[in-house]
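Student: Here you go, one structure.
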Amino acid sequence: MSLKGMHLLVLIKAFCRAERIKPFQVAKRHVFKEYGLTGSKEDIVLTALMYRIYTYEGILDKVVNKLIDQNVEELPCEVKYLLRMVAYFTLVDKHPSASKMLRFLLGYVAPQLARAYGWRQVRLAYKLARKAHLKSLEEVVNDREEIEYLLPRIVIDGVKELLDSKELKDFSKALLTIKYYGFRVNTLKANVEEVIEELKKRGVKVWKSSRVENYVWYQGRIDYDRDPLITEGKLVPQDEAAVVAGFLLGVKPGMTVVDLCAAPGGKTTHIAELMRNRGTIIAFDVWSDRMSRLIELARRTSTYISIYPVLCDGRRALRLIGEGKVDRVLVDPPCSSTGVLYKHPDARWRLTKEKLEELTRLQKELLYVGFKLLKKGGLILYTVCSVLPQEGEYVVKWLLERETCAEIIALRGPYDPSPLLKEAMRSWPHRHGVGGFFYALIRKRC
């Protein structure tokens, strides 16, 4: 490994930038570019290390909190990640170079940070290293399943309602990596065959999805910022499980559709494509930066003709549009992202009981508003990239119990029925090689 103390300091700066800028990959690229590391051998090693530390973050925090009796979240960001990395190289990383990395942290990074934060805070790193050196991870962290599955207890307990212990282990392993990536082919601009032919010419291994129409998987290197197939809107980077949502909604030309949480626009532009731009999509989102990405994607894919962006909380849609006015509604609300942690490792340990309760309240409010927007006979699709029944099955059951005019329509693929709500559907990373999504289709019958 060619890393030096300076590289570890840069990595700490990238972690802290990522607390302000999402997704974390963007923050990392900005910092690495500032220090001339982009595209270097060190870039590859540091990126892998960043993923690993995110994966163990909750475990590392328990180590810090217990061994030095310090709430790590109360520390300055750079000191916090110094301690997490000390814990990682002391108790987790068994590579022969781990001791060298620890020396760099204590001999170079800690003195550098002491200039900004003072020695009183930075000395915690030396105290932690001394105490952790005499322990094993299992001695410090007393939750065996959290160590085994690298998931917080709240997620483990939630998934246990859906999977047995063997599948839970397979699921947790699948969240550590993703083998393949894929694209939705924008049929307004291209077809699957010509896209496959073009990518094969470049030496990219590519093949059609066996489950989802106009979707291709690939292995190889593709520059998402410069590849003309992407910049011209012929291909849209998207998870296969996310693309399924557009098909399930059953849109037709001439319909009025509301997307209550539309940005950054993958599903919204797909709905416009499926309607061949002959319809109206009212796209709500509360975040201006994400809405800007939706507008750019709509321009690139030539779907802006039928999309009307509204920078507003989707919960206000009922006041703006009125009850019983639209044919279809998509509710893809903010969630724990526990089904796609291979893409968002920084979210792995973020979920708390209080945060989950906050999310489920929001999800119920959005689903209720979406249902009220529907005309008689209209359909609403509720989908989340979460593997927790609290955000999926329980939210839908809440609406069905509340609204007598709501009836759930059984989904018959391309993924598996939910064990808790047989008419609903779930995709799984370990079964299907895609993100973990929940889907429920509901009709307003009166």
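Student: Give me the pairs, please: first residue somewhere in the stretch 298-312 and closer than 13 Å to Asp259 by Cα, second residue anywhere and of a type in the set (Asp, Glu) and modelled with pLDDT of 95 or more, beta-carbon distance under 7 Å, and either six or more positions apart or on two chains.
Tutor: If the second residue must be of a type in the set (Asp, Glu) and modelled with pLDDT of 95 or more, the pairs left are Leu311/Asp285.
Student: While we're here: Between Ile305, Ile271, Ile282, Ile295, which is in contact with a Phe, Trp or Tyr (Cβ under 6 Å, 6 or more places away or on another chain), assigned by TED's automatic domain parsing to the domain that holds Phe371 and not in a loop (DSSP other than H, G, I, E, B)? First the steps, then the outcome.
Tutor: Values: Ile305 fails: in contact with a Phe, Trp or Tyr (Cβ under 6 Å, 6 or more places away or on another chain); Ile271 fails: in contact with a Phe, Trp or Tyr (Cβ under 6 Å, 6 or more places away or on another chain); Ile295 fails: in contact with a Phe, Trp or Tyr (Cβ under 6 Å, 6 or more places away or on another chain).
The unique qualifying residue is Ile282.
Student: A further question on this structure: Residues being without any contact (Cβ under 8 Å) to a residue 60 or more places away in the chain, surrounded by fewer than 19 Cβ atoms within 10 Å (Cβ to Cβ), of a type in the set (D, E, K, R) and not in a loop (DSSP other than H, G, I, E, B): count how many of those fall in the stretch 44-98.
Tutor: Looking only at that region, the number is 3.
Student: Yes or no: Ile68 closer than 26 Å to Thr177 by Cβ and of a type in the set (A, V, I, L, M, F, W, C)? So that I can check it myself, show each step before the final result.
Tutor: Details: closer than 26 Å to Thr177 by Cβ: no; of a type in the set (A, V, I, L, M, F, W, C): yes.
Answer is no for this residue.
Student: Also, quick follow-up: Cβ contacts < 9 Å: first residue assigned by TED's automatic domain parsing to the domain that holds Asp43 and assigned to a helix (DSSP H, G or I), restricted to the stretch 7-19; second residue surrounded by fewer than 21 Cβ atoms within 10 Å (Cβ to Cβ) and of a type in the set (Gly, Ala, Ser), any location; separation 6+ or different chain. Result?
Tutor: Correct list of pairs: Ala14/Ala27; Phe15/Ala27; Cys16/Ala27; Arg17/Ala27; Ala18/Ala27.
Student: Here is a follow-up. Is there a residue being surrounded by fewer than 15 Cβ atoms within 10 Å (Cβ to Cβ), touching a residue at least 40 places away in the same chain (Cβ under 8 Å), in a loop (DSSP other than H, G, I, E, B) and under 19 Å from the mean Cα position of the chain (by Cα) anywhere in the stretch 157-167?
Tutor: Checked against the condition, which is being surrounded by fewer than 15 Cβ atoms within 10 Å (Cβ to Cβ), touching a residue at least 40 places away in the same chain (Cβ under 8 Å), in a loop (DSSP other than H, G, I, E, B) and under 19 Å from the mean Cα position of the chain (by Cα), the stretch 157-167 yields no hits at all.
Student: While we're here: Does Ser306 meet the test of being at positive phi and either in contact with a Leu (Cβ under 6 Å, 6 or more places away or on another chain) or surrounded by 16 or more Cβ atoms within 10 Å (Cβ to Cβ) (or both)?
Tutor: Values: at positive phi: no; either in contact with a Leu (Cβ under 6 Å, 6 or more places away or on another chain) or surrounded by 16 or more Cβ atoms within 10 Å (Cβ to Cβ) (or both): yes.
When the stated conditions are applied, Ser306 does not pass them.
Student: For the stretch 181-240, which strands (runs of 3 or more DSSP E) that fit wholly inside it have 3 or more residues that are free of Cβ contacts under 8 Å to residues at least 40 places away in the same chain? Step through it out loud before you land on a result.
Tutor: On the way: elements: 181-185, 205-208, 215-219, 235-237.
In the stretch 181-240, 205-208, 215-219 are the strands (runs of 3 or more DSSP E) which contain 3 or more residues that are free of Cβ contacts under 8 Å to residues at least 40 places away in the same chain.
Student: A further question on this structure: Tell me, please, whether a residue that is under 30 Å from Arg276 (Cα atoms), surrounded by 13 or more Cβ atoms within 10 Å (Cβ to Cβ) and modelled with pLDDT of 95 or more can be found in the stretch 140-152.
Tutor: Let us first name the residues in the stretch 140-152 that are under 30 Å from Arg276 (Cα atoms), namely none.
No - not one qualifying residue is present in the stretch 140-152.
Student: Those residues that are within 20 Å of Arg445 (Cβ to Cβ), in contact (Cβ under 8 Å) with a residue 60 or more places away in the chain and crowded, with 18+ Cβ neighbours inside 10 Å, I need them from the stretch 364-407; list them, please.
Tutor: Passing the criteria: Val369, Gly370, Phe371, Leu373, Leu374, Gly378, Leu379, Ile380, Leu381, Tyr382.
Student: When you check Tyr342 against the structure, is it in contact (Cβ under 8 Å) with a residue 12 or more places away in the chain, crowded, with 16+ Cβ neighbours inside 10 Å and within 30 Å of Leu60 (Cα to Cα), yes or no? Full working, then the answer.
Tutor: Numbers: in contact (Cβ under 8 Å) with a residue 12 or more places away in the chain: yes; crowded, with 16+ Cβ neighbours inside 10 Å: yes; within 30 Å of Leu60 (Cα to Cα): yes.
When the stated conditions are applied, Tyr342 passes them.
Student: Still on this structure, I have one more. Looking only at the stretch 115-156, count every residue that is under 22 Å from Val86 (Cβ atoms) and in a helix (DSSP H, G or I) and tell me the total. Please lay out each step first, then the result.
Tutor: Here is the first cut: in the stretch 115-156, the ones under 22 Å from Val86 (Cβ atoms) are 115-143, 146-147, 150, 152.
Subsequent filtering for residues that are in a helix (DSSP H, G or I) retains 115-117, 119-133, 137-140, 146-147.
Number satisfying all stated conditions: 24.
Student: Sort through Pro389, Pro429, Pro414, Pro419 and tell me the only one that's in contact with an Asp or Glu (Cβ under 6 Å, 6 or more places away or on another chain) and at negative phi. Walk me through how you get there before you give the answer.
Tutor: Working: Pro429 fails: in contact with an Asp or Glu (Cβ under 6 Å, 6 or more places away or on another chain); Pro414 fails: in contact with an Asp or Glu (Cβ under 6 Å, 6 or more places away or on another chain); Pro419 fails: in contact with an Asp or Glu (Cβ under 6 Å, 6 or more places away or on another chain).
After applying the criteria, what remains is Pro389.
Student: Given the conditions (1) closer than 30 Å to Leu366 by Cβ; (2) within 26 Å of the chain's Cα centre (by Cα); (3) at pLDDT 95 or above, which single one is not true for Tyr181?
Tutor: For Tyr181, the exception is condition (3).
Student: Would you please name the residue that is nearest to Met50 (Cα to Cα), looking only at residues in the stretch 1-21 that are among the small types (Gly, Ala, Ser) and surrounded by 20 or more Cβ atoms within 10 Å (Cβ to Cβ)? Can you show your working first?
Tutor: As a first pass, look at the stretch 1-21 and keep what is among the small types (Gly, Ala, Ser): 2, 5, 14, 18.
Still in the list and also surrounded by 20 or more Cβ atoms within 10 Å (Cβ to Cβ): 14, 18.
Working: Ala14: 9, Ala18: 11 Å.
Filtering first and then ranking leaves Ala14.
The values are calculated or read from the model by the stated rules, or taken from the named source; none is laboratory data. Remember, it's a predicted structure, so these values are computed and weren't measured experimentally. Every residue, glycine among them, receives a Cβ derived from its backbone with ideal geometry; neighbour counts consider all protein chains shown.
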